[in-house]
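Below: the structure, in structure tokens.
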Amino acid sequence: MKVENVMVTGANRGIGLEFVRQLTQLSEPPRYIFATYRNASSLKELKEIAESSIKTQIILIKMDVTLPEEVEVAKSIVESTVKEQGLNLLINNAGAVKLQSFPDITPENLEFHYKVNTEGPIFVLQAMLPSLEKAASLHDGGMSVSKAMVLNMTSLAGSIGNAGVVFTQDLIVPGYKISKAALNMAMRVIAANVKDKGILIVNMCPGWVKTDMGGRELAQLEPHESIANMLKTLPTLNESHQGTYLDRLGNPIPF
């Protein structure tokens with residue numbers, strides 16, 4: 001997989017951190033990786049990757065996806081760095097979960113999940129759209145990760161068709177489930193809006209990964225397994241996958 005310029009949100013831990021690590025280890029790694037973080041106290045591993053990276057320049061950006069002013073600063077950094085080459089791959093990974101089951105769920109819990117998991121990716125994509133358009137305009141042919149792509153980290157928990165049937169453990173996080181279902185819809189709508197611009201938009205579930213958010217006792221996958229699977233899948237995706245909802249191996253998940 002060859003991709004020139006990449007942005008990974010929530011890159012200081014878990015899935016985001018492993019994306020940065022494995023992207024720098026590709027045979028043809030990116031020229032730039034814009035790695036965003038929210039809390040400067042949790043940057044040790046990300047800084048170690050940045051310092052040891054030889055072919056890729058990793059640019060650390062403080063960005064809370066719920067703060068428009070920080071998203072705008074990130075946009076400026078990306079645009080001033082990539083210039084007319086544009087941004088090839090945006091990985092909307094930053095997300096959050098707070099346990100609170102029905103009937104105890106509060107408006108605050110619902111609003112928290114929606115703001116982070118649904119609005120956040122929408123407005124990050126909105127900000128990075130001009131750079132994605134520039135990258136897409138430089139390549140002929142169909143859609144691909146090497147041209148211009150937005151990969152949204154969603155979850156099987158966001159499947160309405162599977163709710164309460166396939167993965168019942170997540171019934172204790174209705175706010176999270178609702179926000180991920182909304183993310184899936186939002187990105188399907190956006191995908192329809194940008195298809196003529198050559199930007200591929202895909203929603204992908206990484207699987208149940210052993211992270212701080214996914215839990216380490218019941219989760220089934222190590223981060224390195226999940227990300228390795230996804231990085232193998234990304235080059236196989238094209239315009240026929242526009243707006244789709246997939247697992248890490250490229251299999252469709254019912255909306």
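The values are calculated or read from the model by the stated rules, or taken from the named source; none is laboratory data. What you see is a predicted model; the values in this text were computed from it and never measured. Don't worry about glycine lacking a Cβ; one is built from the backbone with ideal geometry, like all the others, and counts go over all protein chains shown. Surface areas here come from the heavy atoms of the whole protein model, side chains and all, with no ligands, DNA or RNA. Shrake-Rupley method; radii C 1.70, N 1.55, O 1.52, S 1.80 Å.
Could you give me the ³J(HN,Hα) list for segment 176-185, computed from phi with Karplus coefficients 6.51, -1.76, 1.60 and θ = phi - 60°, whole Hz, x at Gly and Pro?
In residue order, the calculated couplings are 5, 4, 4, 5, 6, 5, 5, 4, 4, 5 Hz.
Would you grab the residues whose amide H sits under 5 Å from the one on residue 148? Only those 5+ places off in sequence or on another chain, please, with H modelled 1.01 Å from N.
Amide H neighbours of residue 148: 200.
Using the structure shown, select from 2/177; 83/115; 47/75; 2/83; 55/232; 55/115 the pairs with a Cα to Cα distance greater than 25 angstrom.
2/177; 83/115; 55/115
Less than 19 Å apart at the alpha-carbon level, and either on another chain or at least 8 residues along: which aspartates and glutamates does that give for residue 195?
By straight Cα distance, residue 195 reaches 133, 140, 239.
Over the chain, what lengths in whole Å, largest first, do the semi-axes of the equivalent ellipsoid take, defined as the square roots of 5 times the eigenvalues of the alpha-carbon gyration tensor?
The three semi-axes for the chain are 27, 20, 18 Å.
What percent does the relative contact order of the chain come to when contacts are Cα pairs within less than 8 Å and at least six residues apart?
Value for the chain: 19 percent.
Using a 1.4 Å probe on the protein heavy atoms only, what accessible surface does residue 101 show? Give it in Å² to the nearest 10.
40
With a 1.4 Å probe and every protein chain left in place, tell me how much accessible area residue 154 has, in Å² to the nearest 10.
10
Can you give me the long-range amide H partners of residue 247? Hydrogens built in the peptide plane at 1.01 Å from N, cutoff under 5 Å, separation of 5 or more residues or another chain.
Here 205, 253 satisfy the definition.
Using helices alone, I'd like the mean residue ellipticity at 222 nm for the chain: each DSSP H run of four-plus residues gives -39500 (n - 2.57), total over residue count, nearest 500.
-11500 deg cm²/dmol
Sort 103-112, 181-190 by packing, meaning the average of other beta carbons within 10 Å per residue, with the highest value first.
Output ranking for 103-112, 181-190: 181-190, 103-112.
Which residue fluctuates the most in the chain, going by a Gaussian network model with Cα springs under 10 Å, if the choices are 95, 141, 198?
The residue that fluctuates most here is 141.
For the chain, with the dipole built from +1 on Lys and Arg beta-carbon atoms and -1 on Asp and Glu ones, taken about the Cα centre, which of 143, 27, 67 lies farthest toward the positive end?
The one lying farthest along the dipole's positive direction is 27.
What is the helix-to-structure angle for 68-82, meaning the angle in degrees between its Cα long axis and the longest Cα principal axis of the chain, kept from 0 to 90 and rounded to the nearest 10?
30
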